[in-house]
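Report on the following structure.
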Amino acid sequence: MRLQAAVLEDVARTDAVTGLASRRLLRERLDTMLATRGDSDVFTLVVDIDRFAQINETFGYSVGDSVLREIGHRLVASVRSDDLVGRLGGDQFVVAMRRRPAQIDVTDTAERLQFAVSRTMFVHDINVALDATVGIAAIEEPGVTRNDTEEPEASPVDGEAMLQRAHVALTAAKAGHTRVGRYEPDMDRDRHDQMRLLGELDTAIRDHQLRVFFQPCLDLESGSVDRVEALLRWQHPREGLIGPSMFLPDAERTGMLPAITALVLDEALAQCSELRRRGINLSVSVNLSVRNLLDETLTEQVAAALAKYSVPAHALEFEVTETTAMTDPVRSVNALTSLRSLGVTIAIDDYGTGYSSLAYLQTLPVQTLKIDRSFVSKMNTDETDASIVRSTIDLARSLGVRVMAEGVEDAGTLDALRELGCDGAQGYILGRPMPAEFLADAVAKLDSEMPTKLEWELARERI
């Protein structure tokens, strides 16, 4: 019985697949590190393997387990022998470490772990490309690597809290399309706010607190607005206008998204129909999420909405991100192809922040690429970003698709995009998202002020 108890105790502290520390042992060792740290720093890094689910789907779970074991070996080899490497479950690993102050740059450590994951790995003679996102939580000595103005911890932090904080940082990194995230107290406050708002979202839908704003998009050839993007906002009775990032991700996980998407689509087409009746022939763009693409009734809903408002299908565009489209590639392609069969157009939003491979562009029925604002906003000051914008415009031209730049904030960026041959632009210099009642005047003003491409070229020649 003692032997059996010892075996069970060992099993409870060891991950069955990789042989690394289990979540229980990670908590216990972190508790010990924190309790005995003295003036040392304690770090917890959660390493999330991107796209690992495709390994299981393609090769099966036994091969997936082999890949997890190999990743575990690589992570162990990337840290010191007295650091603890464990597996939380699924495709998430943890590294726990204690260091004397200023002995480590934890961001460099995170990047080293990412490199270990991304190194060449062959599965059945196929080179598998894996990446990792890392969330970091730290308990550090004041005045060493922390800001001296930071307040000390209100209460002692235990191993479970460290794991939770690192996971919060990981979630923030994924939401912000960054590769490494570091925990900040504001992240918890933001998360609490999101949970509270989720509880109020049913009421918001029922009481018509959700509103659709519209942002104009400029066609650079004609110098006129050719479409608007429908953007959701929550007119909260106490907190004012709230952006979608504060409530949409949770709404998607809880099943509220179909009702919200229906609301946005209905309002977008209603406004498009109204503008077209007034002789303003614009198209309207609506964003779709993963859950929308997995909804088998989506095409039927779109067809019904187009008929309801007598809007031609070509005047409706759906935007999906690269990550959204590739979460479930087969069903996503089927859904987008079905939508395309109605006559609507498809755009890849935030291009450059996700998979960015030619493979999916050849598969998806795409008519527009929208270059992410993170590249556009710095293209006149950062040569790397300028190269990405330039190459994306060249790629779009070779594929025969339209390219639009997001995040255009100043006239210099707009001129640079014109010079590169970009088709369209969207950003604050052209107009912020606005309620529908201001849209017609804003469009008329832009149409009267913006030059055509030919007029702009002639003006440059005179200069």
Along the chain, longest interval not containing exposed GluC sites (Glu not before Pro), exposed being DSSP loop plus at most 16 other Cβ atoms within 10 Å: 1-149
Within straight-line cross-link reach of LYS378, aspartates and glutamates at Cα separation under 19 Å, skipping those fewer than 8 residues along the same chain: ASP349, ASP350, ASP394, GLU406, GLU409, ASP410, ASP415, GLU419, ASP423
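Restricting to DSSP loop positions (anything but H, G, I, E, B) with no more than 14 other Cβ atoms inside 10 Å of their own Cβ, which chymotrypsin sites (Phe, Trp or Tyr not before Pro) remain in segment 372-463?
TYR428
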Accessible surface of the chain [probe 1.4 Å, protein heavy atoms]: carbon and sulfur percent: 51
Net charge, LEU130 excluded, C-beta distance under 12 Å - Lys, Arg +1, Asp, Glu -1: -2
Debye log10 I(q)/I(0) for segment 1-105, one point scatterer per Cα, at q = 0.11, 0.20, 0.22 Å⁻¹: -0.40, -1.04, -1.15
Residues of the chain: accessible area per residue with a 1.4 Å probe, Å²: 49
Mean-position separation - Cα centroids, segment 17-43 and segment 46-94, in angstrom: 18
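Taking Cα pairs under 8 Å and at least six residues apart, what relative contact order does segment 379-463 come out at, in percent?
Averaging sequence separation for qualifying contacts and normalising by length gives 22 percent for segment 379-463.
The values are calculated or read from the model by the stated rules, or taken from the named source; none is laboratory data. The model shown is predicted, which means the values in this text are computed figures rather than measured ones. Every residue, glycine among them, receives a Cβ derived from its backbone with ideal geometry; neighbour counts consider all protein chains shown. What goes into the accessible areas is simple: the full protein's heavy atoms, side chains included, and nothing from ligands, DNA or RNA. Shrake-Rupley method; radii C 1.70, N 1.55, O 1.52, S 1.80 Å.
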